[in-house]
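The values are calculated or read from the model by the stated rules, or taken from the named source; none is laboratory data. All figures in this text were calculated on a predicted structure; none of them were measured in a lab. Reconstructed Cβ throughout: ideal geometry from the backbone, glycine too, with neighbour counts over all protein chains shown. The area values use the complete protein model at the heavy-atom level, side chains included, leaving out ligands, DNA and RNA. Shrake-Rupley method; radii C 1.70, N 1.55, O 1.52, S 1.80 Å.
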Amino acid sequence: MTSETNKEVRHKARQQKVKEQVDAKVAAAQEEKGLLLIITGNGKGKSTSGFGTVARAVGHGLNAAVAQFIKGTWDNGERNLLEKLGVEFQVMATGFTWETQNKAADTDAAQRVWQECKRMLQDDAIDVVLFDELTYMVSYGYIDLDEVVEALTNRPKMQSVVITGRGAHRTLIEMADTVSEVKNVKHAFESGVKALKGVDW
């Protein structure tokens, strides 16, 4: 036997062991329920990941809805596409504090969208819900954490929810099924590069 053949044999044995471990995990995962996913961290890509999940769901014929909290009235590529496919959007559309500098108006706008979110969380016809940038609303006290927890806890069993935004509250992280943290390594904007339509927004 050549050393290359020995390598191939060792590789095959390693891969077989990995396959057995994965198969065992798949066999053990028997519970069926909707998932609570949180995508947090300081890096770019949290909303993009959330919208990817919505697109995947729609591609499988599921019903999805989106609530966006920190968004202005500017053009939105994801909305342009997904609304045509029947995805409901509820958008705060104030641009939030750095645009309005008006906490009362922002709180009111956040609460209006949150009422729609609560409706979504009671609708078992909606399979996947994305709450884009909800974490900020909780952090700033515009939406009550306990209310969010209660609404998430009492949602339909098979409904999945994706929450995005920096600084996700530890209570939400603890109750989530899956939590991903997006780390910032480098961002074009910090080098003075203008945000690019179709890539950044």
### Message
Can you tell me which residue is most open to solvent (accessible area, probe 1.4 Å) among those in region 114-145 that are in a loop (DSSP other than H, G, I, E, B) and farther than 20 Å from Q159 by Cα?
### Response
Y140
### Query
Going by the conditions given, is R155 part of a loop (DSSP other than H, G, I, E, B), closer than 26 Å to G45 by Cβ, in contact with a Ser or Thr (Cβ under 8 Å, 6 or more places away or on another chain) and among the charged types (D, E, K, R)?
no
### Message
Which count do you get for residues in region 146-177 that are more than 18 Å from G50 (Cβ to Cβ) and open to solvent by 100 Å² or more (accessible area, probe 1.4 Å)?
### Response
7
### Selection from region 25-58 of residues that are of a type in the set (D, E, K, R), over 17 Å from V182 (Cβ atoms) and not in a loop (DSSP other than H, G, I, E, B)
K25, R56
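I need the full set of residues from region 178-197 which are in contact (Cβ under 8 Å) with a residue 40 or more places away in the chain, open to solvent by 70 Å² or more (accessible area, probe 1.4 Å) and not in a strand (DSSP E or B), in order please.
First, the residues of region 178-197 that are in contact (Cβ under 8 Å) with a residue 40 or more places away in the chain: 178-185, 187, 197.
Now narrow it down to the ones that are open to solvent by 70 Å² or more (accessible area, probe 1.4 Å): 181, 183, 185, 197.
K183, V185, K197 - these are the residues of region 178-197 that are in contact (Cβ under 8 Å) with a residue 40 or more places away in the chain, open to solvent by 70 Å² or more (accessible area, probe 1.4 Å) and not in a strand (DSSP E or B).
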### Task
Scan region 149-168 and report the pairs whose first residue is farther than 10 Å from L35 by Cα and whose second residue is among the basic types (K, R) and open to solvent by less than 30 Å² (accessible area, probe 1.4 Å), with Cβ atoms within less than 7 Å and a gap of 6+ or a chain change.
T164/K46; G165/K46
### Query
Restricting to region 79-110, what's the tally of residues that are surrounded by 16 or more Cβ atoms within 10 Å (Cβ to Cβ), assigned to a loop (DSSP other than H, G, I, E, B) and either at pLDDT 75 or above or touching a strand residue (DSSP E or B) at 6+ places or on another chain (Cβ under 6 Å) (or both)?
2
